[in-house]
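The values are calculated or read from the model by the stated rules, or taken from the named source; none is laboratory data. These numbers come from a predicted model, not from an experiment. Here Cβ is always computed from backbone atoms with ideal geometry, including for glycine, and neighbour counts include all displayed protein chains. Heavy atoms of the whole protein, side chains included, go into the accessibility calculation; ligands, DNA and RNA do not. Shrake-Rupley method; radii C 1.70, N 1.55, O 1.52, S 1.80 Å.
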Amino acid sequence: MEDHTIGLLQECSQGCKMGIKSINQISGYVSDQGLKRIIEKYRGEHQRIETEIGHLLNRHGKESKDPEMMATAMSWVSTEMKMMMKDSDKQVAKIMTEGCDMGIRTISGFINQYAGASAASIGLAKDLVKMEEKFREEMKPYL
């Protein structure tokens with residue numbers, strides 16, 4: 001059970017950190033104030049969940065992990081290329097929506113993979129998925 005719990009929490013931590021990095025990268029391209037407020041709100045939500053994950057990992061004597069360097073680099077390059085091709089709020093919303101979709105798929109898969117994890121860690125992972133779903137919904141008017 002503990003291995004599953006730690007594995008799930010570390011994967012969720014990496015997902016939160018990747019989301020925060022993406023939001024930080026894209027924020028400079030946003031011109032619409034409403035879109036900017038939404039993106040800032042969800043940066044805070046990612047940070048809040050990441051903090052909760054860190055607390056649970058600390059209880060197990062573990063630390064959170066950063067996303068893989070290659071994945072981070074590929075994401076950064078992909079986002080920069082997309083923004084060079086079409087620098088607009090619509091493009092920002094599209095990139096954020098794609099990120100939410102990836103987060104939902106990835107974390108849902110890890111919930112299944114680490115089915116033996118503690119109820120608290122599974123609950124936190126499900127909260128992360130719900131947050132990504134809400135973020136995606138709030139991007140729709142900007143697509």
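Dipole orientation for the stretch 50-133: of the candidates 85, 114, 51, 114 has the Cα lying most toward the positive pole (charges on Cβ; Lys, Arg +1; Asp, Glu -1). In summary, the lysines within cross-link reach of residue 140, defined as a Cα separation below 30 angstrom excluding same-chain residues under 8 places away, comprise 17, 21, 36, 41, 82, 86, 90, 94, 126, 130. Each eigenvalue of the Cα gyration tensor of the stretch 42-81, multiplied by 5 and square-rooted, gives one semi-axis; in descending order these are 26, 14, 4 Å.
Extension gain for the segment residue 94 to residue 60, taken as residue separation times 0.36 nm less the Cα-Cα distance, is 8.5 nm to one decimal. Using R₀ = 35 Å, calculate the FRET efficiency as 1/(1 + (r/R₀)^6) where r is the Cβ-Cβ separation of residue 87 and residue 137; round to 0.05. The formula returns an efficiency of 0.90 here.
A run of the chain free of exposed loop cleavage sites, with GluC sites (Glu not before Pro) counted only in DSSP states other than H, G, I, E and B and at most 12 other beta carbons within 10 Å, reaches its longest extent at 69-143. Surface analysis of the chain yields an accessible area of 55 Å² per residue, using protein heavy atoms and a 1.4 Å probe.
Using C-alpha pairs below 8 Å separated by at least 6 residues, the relative contact order for the chain is 40 percent.
Computed from the C-beta positions of residue 74 and residue 2 and an R0 of 35 Å, the FRET efficiency is 0.65 to the nearest 0.05. Subtracting the Cα-Cα distance of residue 130 and residue 115 from their residue separation scaled by 0.36 nm leaves 3.6 nm.
For residue 62, the aspartates and glutamates whose Cα falls under 19 Å of its own Cα, not counting residues fewer than eight places away in the same chain, are 2, 3, 11, 50, 52.
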